[in-house]
Amino acid sequence: MGSVNATPMMQQYLSIKDQYPDAILFYRMGDFYEMFFEDAQTASAVLEITLTSRNKNDPHPIPMCGVPVKAADGYIGRLIGNGYKVAVCEQVQDPSTARGLVDREVVRIVTPGMIVDNDLLERDANNYVLAVARRDQVIGLSVVDISTGAFRLCESNDARAIRDELLRIGPREIILPESARADSSWDDVLSLFGEKTLTCLADGEFEYAPARDRLIRQFSTRSLEGYGCEGMAAGVGAAGALLGYVLHTQKQQVGQITGIETYHLHHYLLIDDTTCRNLELFENLRNGTRRGTLMEVLDGCVTAMGSRLLRQWLSYPLLDPEKIVGRHDAVTEAAGNFAARHQAREHLKSVYDMERLTSRAVMGRANARDLVALKRSLQALPDILRILAVFHSRFFSLTDCLSDAEQKQLAGLAGLLEAALREDAPPTIQEGGLIREDYHPELRELIAISRDSKSWLAGMEAREKARTGINSLKVRYNRVFGYYLEVPRSQTGAVPGDYVRKQTLANAERYVTDELKAFESRALGAEEQRLALELSIFNDIRRQVADVSRLIFSAAAFAARVDVLCSLAETAVNNHYVRPEITGGGEIHMTDGRHPVVEKMLTAERYVPNTVRLDDTENQLLIITGPNMAGKSTILRQVALCAIMAQMGSFVPARQYRTGIVDRIFSRVGALDNLASGQSTFMVEMEETANIINNATPRSLIIIDEIGRGTSTYDGLSIAWAVAEHLHDLGGKGVKTLFATHYHELTDLAAVKTRAKNFNIAVKEWNDDIIFLRRLVEGSTNRSYGIQVARLAGIPAAVIARAKQILYDIEQGKFGFEASAVPQKAKAGKGPVQLSFFDAPENILARTLDRLDISGMTPLEALNCLNDLKQKAEKLLPS
């Protein structure tokens with residue numbers, strides 16, 4: 001990349017670039033960041049800026065491009081958004097004092113996970129970097145968000161749970177050991193993240209001892225006992241390596257990381273990635289946006305911190321009944337006191353993103369506007385506390401976060417920021433206008449000199465006009481010559497002897513006097529001193545903010561919690577939600593329940609609520625039949641969503657809701673071909689079903705909306721039947737399951753499985769049309785109304801008429817139409833034969849009889865089965 005004849009500047013550039021080969025180097029030259037060689041070619045294409053060259057007349061000119069320093073953040077953001085890292089190289093020496101080349105060094109590395117600037121961050125989501133470490137069969141995970149100071153770790157030997165956790169975190173950047181690149185056992189982890197930015201560190205960074213030492217130094221503690229992770233080799237290894245990466249990229253201490261949260265996956269309701277997508281918790285299935293998601297419905301938070309905390313509660317619903325009830329108590333209080341809730345939310349609107357403001361202050365990246373926003377946030381806290389005094393829940397108390405003395409410290413900091421900072425401070429800190437002039441005596445004097453200079457110059461001009469009699473005389477200033485007196489060429493004869501000629505122009509002469517020189521020295525010096533003093537005062541204030549960052553983070557956590565609880569209460573009141581009753585049993589009883597998202601989206605019709613009862617004794621497997629578009633999927637999803645809402649601490653959309661604790665929620669709802677990995681719809685269905693069968697427990701909740709549609713009718717029916725049976729009998733106890741199907745044969749399960757019940761979505765027929773009643777009723781249906789639904793979907797009338805004729809022929813046992821003809825060669829072939837969809841009725845009855853286990857039937861079960869066979873024969877055989 002370099003040249004033997006490289007200039008000193010280019011040699012310096014190449015030396016620095018060699019240290020950061022995986023990043024685009026922003027090399028500071030005056031008011032621009034310049035890029036060279038391959039970096040310039042890449043950046044010019046991504047940023048759509050002009051690619052030029054250095055030393056254009058050389059045989060091999062060097063490609064280059066540049067961006068203004070003042071606009072650099074936007075360009076860096078675009079590069080980061082495209083998956084690149086940026087190493088920011090600054091001039092670390094005053095050019096006026098440098099002998100030769102100015103010293104430069106990289107002051108920070110910006111990566112997708114190492115961002116603190118608000119414009120590049122999502123308001124309601126954490127910006128996580130994830131590190132993964134392994135010790136034998138244990139996998140450790142750690143995440144950090146340097147914009148908020150959030151730092152967490154966990155570990156587990158359950159590979160599936162770790163996989164689900166990796167997807168639940170959704171990191172922007174991944175850190176792995178170097179050995180992972182060549183180790184096939186890491187393939188499952190690597191395959192999860194696609195285009196995410198991946199960095200591999202030396203394996204030694206993940207070793208327990210150095211990782212532990214690094215964490216202890218960061219937290220200034222003797223051990224990790226206080227954080228609950230002492231001895232967790234895999235988790236601590238990941239956390240220590242991650243902290244090392246943060247320190248390397250930021251080139252400074254990161255004081256916002258003051259501790260680490262150790263969490264355990266078995267303490268939370270597990271929602272795997274498939275279920276999260278199927279239930280549209282955070283992104284809809286149509287275009288991946290927030291529109292039409294549960295998060296959109298629940299998020300009435302007025303602060304960014306509240307929205308992020310709500311997202312975490314929704315991602316990690318609780319399993320501890322006491323903690324769940326504690327949240328419900330707090331929501332109940334907030335919902336029952338409109339005045340206090342409304343006033344608290346109004347004051348919370350004055351609370352800015354204290355977490356991110358404080359992180360920027362700690363890292364020396366905050367400007368005066370950031371600190372003014374922090375001041376307003378701190379000033380709002382006393383009023384919020386006064387309003388919340390009417391509540392009894394500990395969630396509304398700040399005393400568990402901050403002592404009275406610490407609260408006074410924050411009040412003192414707010415007073416300092418009020419006294420020192422100007423409300424109209426500019427976005428940069430180099431141009432002055434940051435500090436109130438009455439805050440510092442010397443600053444007040446310097447500002448007075450700057451302000452008085454204009455009136456002094458006007459007075460001097462008036463005096464000189466009177467003294468010389470030259471009415472056209474002007475006192476002026478430019479950057480080259482400073483202050484001067486300008487006299488028209490025609491009036492130079494009246495110029496006094498103490499005027500010293502400075503410059504001759506075509507029509508004028510410019511002069512200086514000793515008095516003007518003295519003023520210039522004083523005025524220009526005062527301006528430089530003022531800027532330097534303001535910056536010094538501001539930096540000192542910013543350091544004072546950093547010194548109490550731990551207290552500010554505690555106050556921010558309190559404000560976020562209050563925001564979430566008041567938001568959940570507001571949503572509950574506005575949408576007529578009910579408080580869940582948490583029981584110790586295995587039931588889910590929802591009376592007049594609604595889908596929280598669908599009911600908000602409906603405009604053309606009224607939402608029809610439904611009652612669903614699931615338990616471990618009589619109603620464990622609900623087999624739900626009914627036509628497409630009738631609402632089966634909606635009912636399945638609303639049961640799962642209400643379970644999540646209840647255990648995260650929210651009220652639920654129902655008239656009454658009673659539930660035991662659910663440990664996992666699984667879904668098999670719809671499927672799309674995964675062509676990129678060579679998986680068909682049927683393979684996706686089977687993998688999702690296998691995950692359910694292999695990981696469900698008696699405390700789980702399962703929703704299944706069709707399985708087996710991707711293969712032949714009888715294969716699909718047999719798989720669906722076997723899966724339903726297995727879930728009913730799981731571990732000898734069964735598991736709560738909603739099983740929607742178009743295989744009406746599955747309804748026979750209710751006759752042989754004691755905890756299975758049949759339900760269907762009621763419809764009304766009217767003149768060969770159907771009306772969807774959206775009501776879940778007990779009992780089965782033997783019709784799918786597919787042709788009527790096809791008409792509603794817009795299938796042409798001729799096709800509908802032909803379908804009706806074919807259906808009539810099938811029902812009458814006539815199979816002579818051309819569509820059902822099977823070539824003779826195919827019939828005569830050996831090996832497995834695909835069963836025809838249009839099978840003879842007697843064959844269907846024969847296969848049903850063949851499946852029966854007569855020896856295992858009671859007399860009553862045998863009679864019921866015989867009655868079912870008779871009814872089926874009446875439907876299948878022509879009269």
For 314, 101, 776, the accessible-area ranking with a 1.4 Å probe, largest leading, is 101, 776, 314
Antiparallel DSSP bridges in the chain: what percent, to the nearest 5?
65
Net charge near residue 241: determine it from the other residues with C-beta under 14 Å of the C-beta of residue 241, scoring Lys and Arg +1 and Asp and Glu -1.
-3
Once the whole set of protein chains is in place, how much accessible area is left on residue 254, using a 1.4 Å probe, in Å² to the nearest 10?
0
Can you compute 3J(HN,Hα) from phi for each residue in the stretch 470-486, using the Karplus curve 6.51 cos²θ - 1.76 cosθ + 1.60 with θ = phi - 60°, rounded to whole Hz and x for Gly and Pro?
8, 5, 8, 5, 10, 9, 9, 9, 9, 5, 7, 9, x, 8, 7, 9, 10
Output the pairs from 733/870; 733/757; 454/517; 349/375 with a Cα-Cα distance over 22 Å in this structure; if there are none, say none.
733/870
Can you tell me, using C-alpha contacts under 8 Å and at least 6 residues apart, the relative contact order of the stretch 163-321 as a whole percent?
18
Remind me, relative contact order of the stretch 322-396 in percent, using alpha carbon pairs under 8 angstrom and six or more residues apart?
42
Could you tell me which helices of the chain pass both thresholds, a Cα extent of 20 Å or more along their own axis and a mean Kyte-Doolittle hydropathy of at least 0.5, with helices taken as whole DSSP H runs?
233-250, 368-388, 549-575, 632-648, 797-811
List residues of the stretch 447-479, by number, whose backbone nitrogen lies under 17 Å from a label position 7 Å along Cα→C-beta of residue 490.
469-474
121, 130, ranked by accessible area, largest first (probe 1.4 Å)
121, 130
Would you kindly state how much longer the chain becomes between residue 801 and residue 438 on full extension, computed as 0.36 nm times their sequence separation minus their alpha carbon distance, in nm to one decimal?
121.9 nm
I'd like the accessible area for residue 474: 1.4 Å probe, protein heavy atoms, all chains in place, Å² to the nearest 10.
80
In whole Å, how far is the Cα centre of the stretch 221-286 from that of the stretch 523-551?
35
For residue 115, tell me the accessible area in Å² from a 1.4 Å probe, rounded to the nearest 10.
10
How much accessible area per residue does the stretch 603-752 have, counting only protein heavy atoms and a probe of 1.4 Å, in square angstrom?
35
Quickly rank 144-150, 496-502 as a protection proxy: mean count of other C-beta atoms within 10 Å, highest first.
144-150, 496-502
At 222 nm, what value in deg cm²/dmol follows for the chain if DSSP H runs of at least 4 each add -39500 (n - 2.57) and the sum is divided by all its residues, to the nearest 500?
-14000 deg cm²/dmol
Amide H neighbours of residue 114 under 5 Å, counting only residues 5+ apart in sequence or on other chains, H built in-plane at 1.01 Å?
none
Residues meeting the amide H criterion for residue 502 (H placed from the backbone, H to H distance under 5 Å, 5 or more places apart or on another chain) are 510, 511, 512
Hey, what did the chain get for relative contact order, percent, Cα under 8 Å, at least 6 apart?
9
For 290, 360, 394, write out the residues from largest to smallest accessible area, computed with a 1.4 angstrom probe and no ligands counted.
394, 290, 360
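The values are calculated or read from the model by the stated rules, or taken from the named source; none is laboratory data. All figures in this text were calculated on a predicted structure; none of them were measured in a lab. We place every Cβ from the backbone using ideal geometry, glycine too, and count neighbours over all the protein chains shown. These area figures cover heavy atoms from the full protein model, side chains too; ligands, DNA and RNA do not enter into them. Shrake-Rupley method; radii C 1.70, N 1.55, O 1.52, S 1.80 Å.
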